[in-house]
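See below for the structure under consideration.
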Amino acid sequence: MLLTLFVCLGCEWQFSSPEEDGQVTVERYDRIQSLYLTTGDFSALQQMNTIYPMQTRTLIEDVLRIGKVDDQQINTKFLRFYQDSTLQSIISEAEQQYANMDDINQGLTSAFAFLKSHIPNVEVPKVYAQIGSLDQSVIVGNNTIGICLDKYLGANYALYQKPEYGYSAEQQRMMDRKYMVPDCIGFYLLSLYPLPSDRQISQEDRDLHIGKILWTVNKAVDEPLFVSDYVKMVDKYMAENKNIPIDLMLKNNNYSDFRK
């Protein structure tokens, strides 16, 4: 599915028709969101509800969990929720760090080109940016990927290091811009190749299933970002079975095959 590109013209946000070149561009829902949450601009709220109704519903109901989008008081609740000083500082930091996302667009374009060449009929989802509340990193559903910029402000971002948030050193390391594209690809692949639901599986098999996803992410981003015993098992399996397509490897939930 081709993406609709998002451009800012003065103070108006409009859509432009994309070229059929496989380009993936992050739609800047976060900019309209930030405008409303920092100034209370009613026109920004109208655009959130008319241009991005699905994204707004997902943010309010599934990410923030502050109520239903059709609640008569939801706009007030939404605005008040983000008046917290911590969230206001996050909005400001996200706007500064992600004023330009060309590198993310390029990374996503390259990664999805790899997936399209190895997974038959895979659809390229719409990708958009939003600002959550330090709860979730990537939201996948309805053939969309929502990136929560608040979870990618850098490993050294002071807020992440506060003990009340409970982020481990390893979690902080991955709350960085360089992991945004890999996370998008990983969560999207997991939505296409979920854990088996027809039987109980062991923790080791769960880890191996995730290892298959992370091995594929490494290939898609052309960098060995994720290294574990399970990723190594998948790498060995693929080296010994060079004719097996990545799609079939991901579908193979006979985990004993990977332990040979």
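The values are calculated or read from the model by the stated rules, or taken from the named source; none is laboratory data. Only a predicted model underlies this, so the values are computations on that prediction, with no experimental measurement involved. With ideal geometry, Cβ positions are generated from the backbone for all residues, glycine too; neighbour counts draw on all protein chains shown. Accessible surface areas use protein heavy atoms only, side chains included; no ligands, DNA or RNA. Shrake-Rupley method; radii C 1.70, N 1.55, O 1.52, S 1.80 Å.
From the list 189, 159, the lone residue that is farther than 18 Å from residue 25 by Cβ and in contact with a helix residue (DSSP H, G or I) (Cβ under 6 Å, 6 or more places away or on another chain) is 189. Within the range 215-227, restricting attention to residues that are open to solvent by 40 Å² or more (accessible area, probe 1.4 Å) and of a type outside the set (Lys, Arg), the residue that is farthest from residue 110 (Cα to Cα) is 227. Between 120, 53, the distinction of being surrounded by fewer than 12 Cβ atoms within 10 Å (Cβ to Cβ) and touching a residue at least 24 places away in the same chain (Cβ under 8 Å) belongs to 120 only. Of all residues in the range 68-78, those satisfying the criterion of being more than 15 Å from residue 29 (Cβ to Cβ) and open to solvent by 30 Å² or more (accessible area, probe 1.4 Å) are 68, 70, 71, 72, 73, 75, 76, 77.
Can you find even one residue in the range 152-169 that is within 19 Å of residue 227 (Cβ to Cβ) and assigned to a helix (DSSP H, G or I)? For the range 152-169, residues within 19 Å of residue 227 (Cβ to Cβ) and assigned to a helix (DSSP H, G or I): present. Would you confirm whether any residue within the range 160-173 is open to solvent by 10 Å² or more (accessible area, probe 1.4 Å), closer than 20 Å to residue 251 by Cα and among the hydrophobic types (A, V, I, L, M, F, W, C)? The answer is no; no qualifying residue exists. When restricted to residues that are assigned to a strand (DSSP E or B) and closer than 20 Å to residue 251 by Cα, the range 107-140 contains 1.
Only residues that are within 20 Å of residue 115 (Cβ to Cβ) and open to solvent by 50 Å² or more (accessible area, probe 1.4 Å) were counted across the range 249-260, and they come to 1. In a residue-by-residue description of the range 194-204, the property of being open to solvent by less than 30 Å² (accessible area, probe 1.4 Å) and either over 21 Å from residue 97 (Cα atoms) or touching a Ser or Thr at 6+ places or on another chain (Cβ under 7 Å) (or both) applies to at least one position. Restricting attention to the range 228-248, and to residues there that are open to solvent by 60 Å² or more (accessible area, probe 1.4 Å) and among the acidic types (Asp, Glu), which single residue is farthest from the chain's Cα centre (by Cα)? Here the residue is 240. Contact map, the range 131-151: first residue within 15 Å of residue 95 (Cα to Cα) and open to solvent by less than 30 Å² (accessible area, probe 1.4 Å), second residue of a type in the set (Gly, Ala, Ser) and in a helix (DSSP H, G or I), Cβ cut-off under 6 Å, separation 6 or more or different chains; pairs are 131/94; 149/94.
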